[in-house]
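Contents: one structure, followed by commentary.
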Amino acid sequence: MSSFASDVAVYVGRIREFEKNDWAVYAGWVGLMLGLVLSTGGFLLLGHSRGIAYPGEAWMVPLGALVFAISISIDTIGHRTIYKEEISRGEGLVHGITIFCGIGSCVLLCAAYQQRALFWVPAMVLTVLSFVYSLVDEVFHWRRYVSQQADRVEMWSHVGIFVGHLIMMLGWWAWFFAGYPGVAETLAALGRAPS
């Protein structure tokens, strides 16, 4: 049996098989998540540099997003190469639903800063649905793994995806329910306090 490190090298090395469309999908997806890391982390670091204190949960948002981004940067290589045909079946639809719900929940959690009563319930619904569909996706992956049509690198990348997503979203919801401490002060320091 090969070492896990050599399995990772083989898995990641498949990026050389990417075609133009694969690169576009990869850059869009991984770039989107890195954008979330940089925007949330940058916001917190900017506020911190101005002496604004945030609760620990706030820092879980960019930290979880970073773990998620690193994990999908590995996982997506397999999805665009060795598992591309398999994923083009039902699994691709599940991915689309999960991504729609995940992105929607983040957007609505941001909107809930100013319109709490209007946006928090749909944000929670989409958050829960993103996790439900992530579990549905895992059924596909585990079924392929036990029939030896998936490898342990893909499975471990999914552990990272779950860990990152859970840390990010649970931290974000805890920060939201606490009233987003530090956000108003940061916006005021930036001269962008809500009217």
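The values are calculated or read from the model by the stated rules, or taken from the named source; none is laboratory data. Please read all numbers here as calculations on a predicted model, not as lab measurements. Cβ sites come from the backbone with ideal geometry, for glycine too, and all protein chains shown count toward neighbours.
Only one entry in Trp142, Trp156 is loosely packed, with under 14 Cβ neighbours inside 10 Å and of a type outside the set (A, V, I, L, M), namely Trp142.
Restricting attention to the range 100-116, does a residue exist that is under 30 Å from Asp7 (Cβ atoms) and either at pLDDT 95 or above or surrounded by 18 or more Cβ atoms within 10 Å (Cβ to Cβ) (or both)? Yes, the range 100-116 contains a residue that is under 30 Å from Asp7 (Cβ atoms) and either at pLDDT 95 or above or surrounded by 18 or more Cβ atoms within 10 Å (Cβ to Cβ) (or both). Taking the condition in contact (Cβ under 8 Å) with a residue 24 or more places away in the chain, assigned to a helix (DSSP H, G or I) and within 16 Å of the chain's Cα centre (by Cα), does Ser71 pass? Taking the combined requirement at face value, the residue satisfies it.
Looking only at the range 3-54, residues that are out of contact with any helix residue (DSSP H, G or I) (no Cβ under 8 Å at 6 or more places or on another chain), surrounded by 11 or more Cβ atoms within 10 Å (Cβ to Cβ) and among the polar types (S, T, N, Q) come to 1 in all. Taking the conditions exactly as written (out of contact with any Ser or Thr (no Cβ under 9 Å at 6 or more places or on another chain), among the charged types (D, E, K, R) and free of Cβ contacts under 8 Å to residues at least 12 places away in the same chain), does Arg152 satisfy them or not? Taking the combined requirement at face value, the residue does not satisfy it. Cβ-Cβ contacts under 6 Å between residues 6 or more apart (or on different chains), taken from a first residue in the range 161-187 that is in contact (Cβ under 8 Å) with a residue 40 or more places away in the chain and over 17 Å from Ile52 (Cβ atoms) to a second residue that is among the polar types (S, T, N, Q) and surrounded by 16 or more Cβ atoms within 10 Å (Cβ to Cβ), are listed as Ile161/Ser71; Gly164/Ser71; Met169/Thr127.
Restricting the range 74-94 to residues that are among the hydroxyl-bearing types (Ser, Thr, Tyr) and in a loop (DSSP other than H, G, I, E, B) leaves a set whose member that is surrounded by the most Cβ atoms within 10 Å (Cβ to Cβ) is Tyr83. Restricting the range 55-68 to residues that are more than 13 Å from the chain's Cα centre (by Cα) and of a type outside the set (Phe, Trp, Tyr), the residue that is surrounded by the most Cβ atoms within 10 Å (Cβ to Cβ) is Ala58. Can you tell me which residue in the range 1-54 is farthest from His95 (Cα to Cα), limited to those that are part of a loop (DSSP other than H, G, I, E, B) and free of Cβ contacts under 8 Å to residues at least 12 places away in the same chain? Out of the qualifying residues, it is Gly51.
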